[in-house]
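**Student:** I'd like to ask some things about the structure below.
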Amino acid sequence: MDARKEIGQRIARARRRRGLSQAVLSGLVGRSESWLSQVERGQRAVDNHTVISALAEILGLSVDELTVKKTNAMTRYQATSAIRHAMMGYDGLASLIDPRHTQGLPESVVWLRHEIRRVNRLYQATRYDEVGRRLPRLIVATELGSRHAPAAQRREYQTLRSLTYHAATTTLRRVGEAELAWVAADRSLAAAQEADRSLLAAVSAYRLGYVLVRLRESERALHLALQAADALLSATRRPTMRALPIVGALYLVAVTAAAATYDQAAVRTFLSRAGQVADTLGEDRNDFWTAFCTTNVTIHEISAAVEFGDTRRAISKGETLNLAQISDGLVGRRAQVHLDLARAYALQRKDAASVNMLLEAERLSPELVRYGGRPRELMTQLLKREHRASTPQLRGLAHRAGIV
């Protein structure tokens, strides 16, 4: 698919997600409906900067998403099509309609639990390619099990189905497949409901919240996270030690959502609430693979500071943070600090320091740098003002990320 057709499809998907007709969107950007129809079919390019900026603002997209081809073989997440195929396969539907159609025995609960643990460990180690190779089989297996296991085991299989879609949601979001991540998150919620697992539903809300932020639906993400946190807190007089980390993780979603809307007062409020939960727990937790802890609260504080352009605070916090406190398996958390510092240094126009932080992030997690939208945007920005004498490693880094 050429770049013009891909960008046209991207505009069409975002327009439909916003509930806008072609007539309404074309009117908002001062163009005809036939012009927009041609753009969405890939028959003409959007080459006016004012129109591009207006489309990006209305549709909740970045300008780069309307001007940059995303299908570079070096950066496109190769597992996307297999994951989508597994999610859209509806294996076992015939036997669900007519029990005389047999589909074979479901995978064992023991194997599924083991595989879900393995996939989540790989995700937290930022080994996204390996996760992508394992997810399709896991998705198909939990879908079949949830439909065709003996009645007494259906709830267990629905629980495993929800957990599988948690892993799919968070992986797809990380590699830039936010729309497919939204579908996975929605399925995780449905499975949690079928399993009658309220805590699992709260974890689904946590995963979905970050996806909504990525889809530029920050207010919805904030409402969802706070609603889920309040429900968990009110479910019992004293939340269990298993529920509290999820409450804290939901407050961190709220931090991210509030930072995306530049609400500094809200960010301070939710950071404080998350910090109080972390203090109450008194230990690092990884319940449902949320990695909630005091250090993670600080990491979100750094990210929010960068979002607000408070580079001094971000750098001060980031450089004094003891990354050794983070579990060895949480590679993504450690790499994220370096990525935030890279953005902060770039805002200060200290490009050499920014490149050094990007290189450190790449050393920890090549796949996070290669697939992440923010690192790629930053490298593109640095290349535009490149001074090769001071940043000699930038071009090689950008080449490995598939940017040049």
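The values are calculated or read from the model by the stated rules, or taken from the named source; none is laboratory data. Keep in mind that this is a model prediction, so the values were computed, not measured. Glycine gets a Cβ as well: all are built from the backbone with ideal geometry, and neighbour counts include every protein chain shown.
**Student:** Filter segment 71-96 for residues that are aliphatic (A, V, I, L, M) and modelled with pLDDT under 75 and give the result.
**Tutor:** Ala73, Met74, Leu93, Ala94, Leu96
**Student:** Every residue in segment 97-125 that is at pLDDT below 85 and in a helix (DSSP H, G or I), please.
**Tutor:** Correct list: Ile97 only.
**Student:** Consider Phe270 carefully, then state whether it is in contact with a Pro (Cβ under 9 Å, 6 or more places away or on another chain), surrounded by 17 or more Cβ atoms within 10 Å (Cβ to Cβ) and aromatic (Phe, Trp, Tyr).
**Tutor:** Numbers: in contact with a Pro (Cβ under 9 Å, 6 or more places away or on another chain): no; surrounded by 17 or more Cβ atoms within 10 Å (Cβ to Cβ): yes; aromatic (Phe, Trp, Tyr): yes.
Considered against the rule, which asks whether it is in contact with a Pro (Cβ under 9 Å, 6 or more places away or on another chain), surrounded by 17 or more Cβ atoms within 10 Å (Cβ to Cβ) and aromatic (Phe, Trp, Tyr), Phe270 comes out as no.
**Student:** What are the residue pairs meeting all of these: first residue in segment 47-67, first residue within 12 Å of Arg15 (Cα to Cα), second residue at pLDDT below 75, Cβ atoms under 7 Å, and 6 or more apart or on different chains?
**Tutor:** Ala56/Val63
**Student:** Just need a number here: residues in segment 1-24 that are of a type in the set (A, V, I, L, M), more than 22 Å from Ala178 (Cα to Cα) and surrounded by 13 or more Cβ atoms within 10 Å (Cβ to Cβ). Step through it out loud before you land on a result.
**Tutor:** Taking segment 1-24 and keeping what is of a type in the set (A, V, I, L, M), we get 1, 3, 7, 11-12, 14, 20, 23-24.
Still in the list and also more than 22 Å from Ala178 (Cα to Cα): 23-24.
After this cut, where a residue has to be surrounded by 13 or more Cβ atoms within 10 Å (Cβ to Cβ) as well, the list is 24.
Counting residues in segment 1-24 that are of a type in the set (A, V, I, L, M), more than 22 Å from Ala178 (Cα to Cα) and surrounded by 13 or more Cβ atoms within 10 Å (Cβ to Cβ) gives 1.
**Student:** Check Thr261, Thr290 and return the single one that is of a type in the set (S, T, N, Q) and in contact (Cβ under 8 Å) with a residue 60 or more places away in the chain.
**Tutor:** Thr290
**Student:** For Tyr262, indicate whether it is closer than 26 Å to Ser390 by Cβ and of a type in the set (Phe, Trp, Tyr).
**Tutor:** no
**Student:** Applying the selection to segment 294-316, what residues are touching a residue at least 24 places away in the same chain (Cβ under 8 Å) and not small (Gly, Ala, Ser)? Break it down stepwise before answering.
**Tutor:** Here is the first cut: in segment 294-316, the ones touching a residue at least 24 places away in the same chain (Cβ under 8 Å) are 295-297, 299-309, 311, 314-315.
Of everything in segment 294-316, those that are touching a residue at least 24 places away in the same chain (Cβ under 8 Å) and not small (Gly, Ala, Ser) turn out to be Thr295, Asn296, Val297, Ile299, His300, Glu301, Ile302, Val306, Glu307, Phe308, Thr311, Ile315.
**Student:** Continuing with the same structure: Please indicate, with yes or no, whether at least one residue in segment 196-207 is outside any helix (DSSP H, G or I), free of Cβ contacts under 8 Å to residues at least 60 places away in the same chain and more than 21 Å from Val119 (Cα to Cα). Show your work before the answer.
**Tutor:** The initial filter retains those residues of segment 196-207 that are outside any helix (DSSP H, G or I), namely 196-197.
Of the ones still in play, those that are also free of Cβ contacts under 8 Å to residues at least 60 places away in the same chain are 196-197.
Add one more test, that the residue is more than 21 Å from Val119 (Cα to Cα), and what stays is 196-197.
Yes: segment 196-207 contains one or more residues that are outside any helix (DSSP H, G or I), free of Cβ contacts under 8 Å to residues at least 60 places away in the same chain and more than 21 Å from Val119 (Cα to Cα).
**Student:** Output the residue which, of all residues in segment 126-185 that are farther than 30 Å from Glu362 by Cα and in contact with a Phe, Trp or Tyr (Cβ under 7 Å, 6 or more places away or on another chain), is surrounded by the fewest Cβ atoms within 10 Å (Cβ to Cβ). Walk me through it before giving the result.
**Tutor:** Initial filter on segment 126-185 (farther than 30 Å from Glu362 by Cα): 140-162.
Adding the requirement that they be in contact with a Phe, Trp or Tyr (Cβ under 7 Å, 6 or more places away or on another chain) leaves 142, 145-146, 149.
On the way: Thr142: 26, Gly145: 24, Ser146: 24, Ala149: 19.
The selected residue is Ala149.
**Student:** Okay, moving on. Restricting to segment 358-396, and then to whatever is within 26 Å of Glu130 (Cβ to Cβ) and either touching a strand residue (DSSP E or B) at 6+ places or on another chain (Cβ under 8 Å) or not in a helix (DSSP H, G or I) (or both), can you tell me which residue is modelled with the lowest pLDDT? Talk me through it step by step, then tell me what you get.
**Tutor:** First, the residues of segment 358-396 that are within 26 Å of Glu130 (Cβ to Cβ): 358-379, 396.
Next, from what is left, pick out any that are either touching a strand residue (DSSP E or B) at 6+ places or on another chain (Cβ under 8 Å) or not in a helix (DSSP H, G or I) (or both): 365, 372.
Details: Ser365: 94, Gly372: 89.
Restricting to residues being within 26 Å of Glu130 (Cβ to Cβ) and either touching a strand residue (DSSP E or B) at 6+ places or on another chain (Cβ under 8 Å) or not in a helix (DSSP H, G or I) (or both), the top hit is Gly372.
**Student:** State all residues of segment 260-296 that are part of a loop (DSSP other than H, G, I, E, B) and closer than 22 Å to Leu163 by Cβ; if no residue qualifies, say none.
**Tutor:** Of segment 260-296, the ones part of a loop (DSSP other than H, G, I, E, B) are 261-263, 282-286, 290-293.
Those that are part of a loop (DSSP other than H, G, I, E, B) and closer than 22 Å to Leu163 by Cβ: Asp284, Arg285, Asn286, Thr290, Ala291, Phe292, Cys293.
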